[in-house]
Structure formats: C-alpha cells, structure tokens
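J.: Structure incoming, see below.
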Amino acid sequence: GIEPGRLLICHLDRARYDFAYHKEVLATGVFLEYDTINRPKYLSNREETDLIAAMLEAGFEDRILLSLDTTNARLRAYGADMGLDYILKEFVSLLKAAGAGEGQILKMQSLNAQRALTIKN
C-alpha cells in the first residue's frame with residue numbers, strides 16, 4: 001500500500017462537514033486539500049474558514065493544502081466574478097480573521113504542496 005504521507009485527499013470539505021471526521025482523517029497522516037473554497041453550494045466561506053481554523057487549532061497545519069476546484073463558468077476570464085487569484089486576494093484575509101497565522105498560511109498555500117507532490121525514489 002501507499003504511505004499515508006504520500007496520499008492527498010480532495011473534496012472532503014465538499015463531501016462531509018464534520019470537524020471530528022476531518023481530524024480523524026488528518027490524524028492518519030494524509031494530506032487534505034480544501035478545494036471547494038468559494039463554492040457556496042457546498043460550504044459558505046464562513047463554514048470553510050471555521051473548518052480550516054479548527055484543523056489548524058488541532059495541530060494539522062502541516063497536512064492541509066488550499067485550492068480552487070473550479071470551472072470556466074465561474075472564472076473572471078470567462079465573464080464570471082472570480083479569478084484564479086481568489087485564494088490570494090480574498091480567502092487569505094478570511095483565514096487571518098479566523099485566526100490563521102502567516103506561517104500557517106504559507107504552509108497551506110505552498111510548503112505543504114511542495115512536500116505532498118515531491119516524487120521520492
């Protein structure tokens with residue numbers, strides 16, 4: 001089987017809004033990618049930031065990634081109001097307001113992805 005630290009799970013924020021379940025999954029050592037940010041049909045931004053803040057508070061800042069799973073219909077370049085820069089320009093300030101620190105944000109935006117996607121021999 002695969003080592004849990006090599007596994008990246010997506011869409012869990014969309015599939016199950018259950019803080020205890022997210023903590024249980026993260027405790028196995030996998031990475032969770034919160035990728036339905038700004039998708040109100042799944043979670044409001046408040047629910048998303050509350051969920052992420054709870055996982056940070058539980059000590060999982062090294063296992064979380066942030067992403068936008070989006071479609072052309074939702075993107076500014078195709079006439080909608082959101083750009084691929086949404087996390088950087090909008091969502092980060094919501095995370096800060098929810099208590100996330102700069103170091104935690106850097107990990108979720110960049111450093112954790114580098115670790116999760118590094119190919120090991």
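J.: Ignoring trypsin sites (Lys or Arg not before Pro) that are buried or in helix or strand per DSSP, and keeping those with at most 13 other beta carbon atoms within 10 Å, what is the longest stretch of the chain between them?
T.: 42-119
J.: Here's something else I'd like to know. Please determine, in degrees from 0 to 90 and to the nearest 10, the orientation of helix 45-57 with respect to the longest principal axis defined by the Cα atoms of the chain, where the helix direction is its Cα long axis.
T.: 20 degrees
J.: Straight-line reach only, C-alpha to C-alpha below 24 angstrom: list the lysines that K89 could link to, leaving out same-chain residues fewer than 8 apart.
T.: Straight-line reach from K89, under 24 Å: K41, K107.
J.: Contact order normalised by length for the chain, with contacts defined as Cα pairs under 8 Å and 6 or more residues apart; what percent is it?
T.: 25 percent
J.: What value, in deg cm²/dmol to 500, does the helix sum -39500 (n - 2.57) over DSSP H runs of n ≥ 4 give at 222 nm once divided by the residues of the chain?
T.: -8500 deg cm²/dmol
J.: What FRET efficiency, computed as 1/(1 + (r/R0)^6) with R0 = 41 Å and r the Cβ-Cβ distance, is obtained for A97 and T118, rounded to the nearest 0.05?
T.: Calculated value: 0.85.
J.: Same structure again: List the aspartates and glutamates whose alpha-carbon lies under 13 Å from that of K120, not counting same-chain residues fewer than 8 positions away?
T.: Straight-distance partners of K120: E3.
J.: Mind telling me which of T36, T28, T49 comes out most flexible in a GNM of the chain, alpha-carbon contacts under 10 Å?
T.: Highest fluctuation of the listed residues: T28.
J.: Evaluate 2.2 N^0.38 Å with N set to the residue count of the chain, then give the Cα radius of gyration divided by it.
T.: Computed over Cα atoms of the chain, the ratio equals 1.04.
Read the figures in this text as sums done on the coordinates, not as results from a lab. Given the structure is predicted, the values throughout are model-derived calculations rather than measurements. Every residue, glycine as well, gets a Cβ built from its backbone with ideal geometry; the counts of neighbours run over all protein chains shown.
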